[in-house]
Each structure stands twice: as C-alpha cells, then as structure tokens.
Amino acid sequence: MSDTRRPRRPAKPYRRPQKDPVRILAFEALRAVDERDAYANLVLPPLLRKAREKGDFDGRDAALATELVYGTLRRQGTYDAVIEACIDRPLREVDPPVLDVLSLGAHQLLGTRIPSHAAVSATVELARVVLGDGRAKFVNAVLRKVAQNDLDGWLEKVAPPYDDDPEDHLAVVHSHPRWVVSALWDSLGGPRAGIEDLLEADNERPEVTLVARPGRGTTEELLREEAAVPGRWSPYAVRLTEGGEPGAVDAVREGRAGVQDEGSQLVALALANAPLDGPDGKWLDGCAGPGGKAALLAALAAERGAVLLASEKQPHRAGLVAKALAGNPGPYQVIAADGTRPAWRPGSFDRVLVDVPCTGLGALRRRPEARWRRRPEDLDSFAPLQRGLLRTALESVRVGGVVGYATCSPHLAETRAVVGDVLKQFPETELIDARPLLPGVGALGDGPDVQLWPHLHGTDAMYLALIRRTG
C-alpha cells in the first residue's frame, strides 16, 4: 500500500527578532508617557543618556529617537484616524502597546523620509521584540495598508471636508483635539489661514532657547556655542538652531545661563521695565517654580539694588527655584508658601509677578502630549486658583506698584476672563499698555494686554497683563 500523504515541507528555522536600540527606546518613551502620564521632555533625556553610556547610540541615533517620539506624539490624532481606517475594530479596542507601535510605524511612513519598506520592516521587527510574533503579524498587516497612501492621500480620506465641519477638519489635519482648535481659534480670531499657521507651528520642533542671566553670564559666551544665534526679541536670549544638548553648555551647567523660552523672558522683562510711581526695592514672584522667570527677575533686581522674594507652594519646586537662583549677584529669598495665603503683609511689594498654573495650551510645541491629556473641564479646576492668585498679587503690591499676570495659555478663559473678573473687585487699578515694554515685537494686537504666538513670534503662546494699583 503506497503512502499518499503529501511530503512535509521543512519547517522554517526560527529567526530571533533583531533588536533595534533606537526604536526600542522610542517605544519605551511612548509607553512611559502613556502609562505614567510622564512628559516626553522629562522621560527622553535620561533614556538617551543611558543609551549613550552603554555605547548603543551616537548623535544620529539620538536625533532619530527624538524625532520618532516627538513626531509620533505631535501627530497622534492624525495617525489615530489613519490607523482606525485600516483596522476592523474601534481604536479603543487596540491594546495601548500595540497602538504605540502602530503609531511609530505610521509616523515613519507618513511623517519622515524613511523608505516605506524600511519603515514597515523595522516596525514589524520592533513588534516582534516588544509584543511577540502574533501581534507583530497584525502590525505588519495594518502598516502595509497605511503604506498604500502618503499623508496627503490619507487626509483626503479621513478628514471631513472643511466646508462641512471646519473645526473637525482642522483637528484631524493638524492633530489637535477639536475643543483645542475651537479655543485657539476664538483666542486668535481672524481667517482660516491664521489658525492653520498656528496649529502647524504647534507641530514644529522648537529651537532650544537659552537665557544669559545678568551679572552671571553673557550672550557673547553663549554665542560661541555651535549653531548659536541671537534671540529674536530678548537681549538675553540665544537660540541653538540645530537643537543641541543644553546640559553640555558650560554656562548652563554652572547656572550662569538657563533654558528659557523667549516669551517667558519677555514677560519678566516687561514687568521689570514697567513704569512705577515711588520706590522700587522689593519684588515678588508669587508662583516661582521651577525658577526660570525668578532667576531672570532676581538678576535684574540685583542690577537695581532691589531684592526678589520667590515664593512657590510645592517644596520640591521651591528647591528647583533655589537651585536656579543660586549664585545670583544680589540678595534674594526663596520660600515655600501658598500664593493664595501669603506669608507677607499686604502692600509689601513694588513689583509682583504671578505666572499662574494653567492648561499649558501655549506650550504644545514643547509638550505635545499635553493636548491629548487636557479636557475642557480642566479650565474649571484652574479658574478659582488663577483668580485667587491674581487677587493676592493685587493685595500684595503697594499703591503705585505694578502686578504682572501671566499664563502659558492663550485660552480666553485663562487670560482676559480672569483679569476682567478680578479687576471688577479692584476698582482702584488700571491696565498698563504692555506693548511698548516689548520693544521691536510686532503683531501684538490692540492692547493693553499682550498675547504672544508661536507662528507670529516664534515663542510659546504667553499672555501678559500689567496692572497698576492706583489706590
């Protein structure tokens, strides 16, 4: 009797997945952002440093890992829409680690110049290492569908027409939650081109901006760094146009300079230069953590013989303030205190700054994951604190003195609404036109307050209102 069974094919030898240190590190960073609500700008540097110490990374590897992490986070909304169009289940039913791998692959396919075949194969290998062979097959199938169109082609498929739903169209195309698009458009005003420029600026990688702290460091020293150019607006600002590692700069490492967005510098400078009636010897930073504005204010105060009191509610953040001010050329004091329950007498100060806690919608370039964490209801939780801090600031300044209310959010509920509400309780005050105190800076609107924008000024979207006590 003959054997009619088919001959067996020889089994394929098992191939161990190839570990790619760059993509594994990017995956680990995304998981930390998702699982621990961490921020990429805090998670990524120690991961990169550890990889360099192990000899796994060179400069190009670090640059690619950084692009993969930040690019994936910035375009997460767009990539979610594309991935959902390529699977047969709701996106919420995809395990988060699998979705992170798919998003990394989508970014390589749609947001970088990596060839499609290399992007797919490298991401599938990553999936085999971190997810296992079974889920790697799913990743392979989805990414092959993603690779069938470029980004523009996918946007035509997944974004609703602008004429049907302008805000939803912009939300998908520019990868922002719809409510954020609506809020930014309300704050900015104007035609479609302006809001699109702003949303696109949020998706660009910002330059590293340094500040030379007066009396301790100089811009001349910072400009000797590679690819360093002067700031656009602040006389103390230097931009590193090719990124760079601030911790490798001697002046930063020694505290004579710091990392500080130029918008933040302008807020401190405007308060310091606002016209006063009477003495100018006592300054207060009522929300000083983590210390960037306080360090600049303390240095400016020292030049005039004034003293800064830097107050921060959280003790660990007060420690960061103390570190930033260490070595200041003049006297200063750092305390851990609640700015709404002041540890000082009313009318004690000539100048007061309150850079209040907020949603952070003005810094989405630097913290892209914040756009996906914030919710409209967060505005309600911040509102009482913002109003309380401004009230305390106005009580803390003497008659003739000046208060600066600042926030890194352009949302009208965190800016003009707060100032307008609080000033109704303080009739003996007046708004100072802040625009002349930002010399050379254009497109500042009708005043008297100031709103900076990433697409117009190259800064975070800082808001500033200057208020003088008149009685």
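Observations
- Net length available on complete extension from Arg52 to Arg36 is 3.4 nm, with 0.36 nm assigned per residue and the Cα-Cα distance removed.
- Estimated FRET transfer efficiency when R0 is 60 angstrom, pair Asp164-Lys323 (beta carbons, to 0.05): 0.70
- Rounded to the nearest whole Hz, the Karplus-based 3J(HN,Hα) values (6.51 cos²θ - 1.76 cosθ + 1.60, θ = phi - 60°) of the range 429-439 follow the sequence 9, 8, 7, 8, 5, 7, 4, x, 7, 10, x, with x at glycine and proline.
- DSSP bridge orientation in the chain - percent antiparallel, rounded to nearest 5: 55
- Given R0 = 30 Å, the distance between the Cβ atoms of Val229 and Arg60 translates into a calculated FRET efficiency of 0.85.
- Extension gain (nm, one decimal) between Asp433 and Ala193, 0.36 nm per residue minus Cα-Cα: 83.6 nm
- Between the residues Ala227, His169, Val146, the greatest Cα displacement towards the positive end of the dipole of the chain, with unit charges on the Cβ of Lys, Arg, Asp and Glu, is found for Val146.
- Sequence-distant lysines (8 or more away, or on other chains) whose Cα lies within less than 24 Å of Lys137: Lys12, Lys19, Lys145
- Applying the Karplus relation 6.51 cos²θ - 1.76 cosθ + 1.60 with θ = phi - 60° to the range 63-79 yields 3J(HN,Hα) values of 5, 5, 4, 4, 5, 5, 5, 5, x, 5, 5, 5, 9, 4, x, 5, 5 Hz, where x marks Gly and Pro.
- For Ile432, the residues 5 or more places off, or on other chains, whose built amide H falls under 5 Å of its own are Leu466, Ile467, Arg468.
- When +1 charges are put on Lys and Arg Cβ atoms and -1 charges on Asp and Glu Cβ atoms, the dipole computed for the chain relative to its Cα centre reaches about 1800 debye.
- About the centre of its Cα atoms, the range 53-97 shows a dipole size close to 180 debye [charges on the beta carbon of Lys, Arg (+1) and Asp, Glu (-1) only; nearest 20 debye].
- Relative to the longest principal axis of the Cα atoms of the chain, helix 192-202 runs at roughly 80 degrees.
- For Lys157, the aspartates and glutamates whose Cα falls under 16 Å of its own Cα, not counting residues fewer than eight places away in the same chain, are Asp80, Glu84, Asp165, Asp168.
- Taking amide hydrogens as placed 1.01 Å from N in the peptide plane, the amide H of Gly401 sits under 5 Å from those of Arg469, each at least 5 positions away in sequence or on another chain.
- From most to least packed by mean Cβ count within 10 Å, the peptides 284-291, 57-64, 464-471 give 284-291, 464-471, 57-64.
- Ranked from largest to smallest solvent-accessible area, with a 1.4 Å probe on the protein heavy atoms, Thr459, Thr219 come out as Thr219, Thr459.
- Axis angle, to the nearest 10 degrees, between helix 96-111 and the longest C-alpha principal axis of the chain: 90 degrees.
- The range 377-431 - Kirkwood radius from inverse mean 1/r over Cα pairs (Å): 11.7
- Largest-first ellipsoid semi-axes for the range 216-355, taking √(5λ) over the Cα gyration tensor eigenvalues, angstrom: 27, 17, 12
- Surface accessible to a 1.4 Å probe, Trp344 within the full protein complex, Å²: 40
- Extension gain, Ala417 back to Lys137 (0.36 nm per residue minus Cα-Cα distance, nm): 95.6 nm
- Reachable lysines, given that their alpha-carbon falls under 30 Å from the alpha-carbon of Lys313 and they are not under 8 places away in the same chain: Lys282, Lys293, Lys323, Lys424
- In this entry, the chain is assigned a mean projected area of 27.2 nm², taken as a quarter of its C-alpha convex hull surface.
- Here the range 35-187 has an Rg and Dmax of 16.5, 53 Å, counting Cα atoms alone.
The values are calculated or read from the model by the stated rules, or taken from the named source; none is laboratory data. Bear in mind that the values here come from a model prediction, so they are computed numbers and not experimental data. Please note: Cβ atoms are built from the backbone with ideal geometry, for glycine as well, and neighbour counts cover all protein chains shown. Protein only, heavy atoms only, side chains kept; ligands, DNA and RNA dropped before computing areas. Shrake-Rupley method; radii C 1.70, N 1.55, O 1.52, S 1.80 Å.
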